[in-house]
1. Within region 65-105, work out how many residues are of a type in the set (Val, Ile, Thr), free of Cβ contacts under 8 Å to residues at least 40 places away in the same chain and open to solvent by 10 Å² or more (accessible area, probe 1.4 Å).
2. Would you mention how many residues in region 109-168 are assigned to a loop (DSSP other than H, G, I, E, B) and either among the small types (Gly, Ala, Ser) or closer than 22 Å to LEU71 by Cα (or both)?
3. Would a scan of region 13-29 turn up a residue that is touching a Phe, Trp or Tyr at 6+ places or on another chain (Cβ under 6 Å), open to solvent by less than 50 Å² (accessible area, probe 1.4 Å) and assigned to a loop (DSSP other than H, G, I, E, B)?
4. Can you tell me how many residues within region 61-86 are modelled with pLDDT under 90, farther than 17 Å from SER120 by Cβ and among the aliphatic types (A, V, I, L, M)?
5. Give region 45-60 a look and list any residue that's over 19 Å from VAL123 (Cα atoms) and either in a loop (DSSP other than H, G, I, E, B) or open to solvent by 50 Å² or more (accessible area, probe 1.4 Å) (or both), or say none.
6. Would you call THR165 modelled with pLDDT of 95 or more, within 17 Å of the chain's Cα centre (by Cα) and more than 23 Å from LEU50 (Cα to Cα)?
Amino acid sequence: KMSFSTFQRRQGISDDSDYNDLIQMLDETGRELHQTAHNLMPDMLIRHGLAETLRMYCETVNAGKRLHINLQISGALRQLEQSFALSLYRIIQELVQNIVKHAEATHALVQVIQQDEILSILVEDNGVGFDRNADHTGLGLKNLEYRVYVLQGTFSIQTGRNKGTLAYIEFDLERVKRADVM
């Protein structure tokens, strides 16, 4: 699509309906591809479980050589309900993507620990951090807070300019089960 946009500028194409139809088709194909990839993820979780799916995801990010993630997993994550495991995966994925996109970090730590009925997630980076008081925190962080809230968890974040970021999430699995969000 970027190449088509460059071509459009170079050729001075402005109101060509065939060209605009082609761009619209590319947009629709991109959305469908994104949705298809999104829908495939539950199958990975079903086949491999949360721990292995997280390992594969972190290996993919590490292969990009922009960020090295140290993943640490402890506990019986295989016993989690699939829908809850998917939600946890999406939360961790969003936190890591925020690091990749915004933090300018070289290293990150992702810990997932289940001890008895407490499941905790810690994601920490050595990036530039941000000012929580500034009004520029986007929808991504608010979306994360909301996801954790809906799942009956607690979410806290510690950050500051040039101090990296530490996100901590905790779930009481008994409370989650009683609320029937798993």
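1. 1
2. Result for region 109-168: 12.
3. yes
4. 1
5. ILE46, ARG47, HIS48, listed by residue number.
6. The answer is yes for THR165.
The values are calculated or read from the model by the stated rules, or taken from the named source; none is laboratory data. Nothing here was measured: the structure is a model prediction, and the numbers come from that model. All Cβ positions, glycine included, derive from the backbone under ideal geometry; neighbour counts span all protein chains shown. The accessibility values were calculated without ligands, DNA or RNA, using every heavy atom of the protein model including side chains. Shrake-Rupley method; radii C 1.70, N 1.55, O 1.52, S 1.80 Å.
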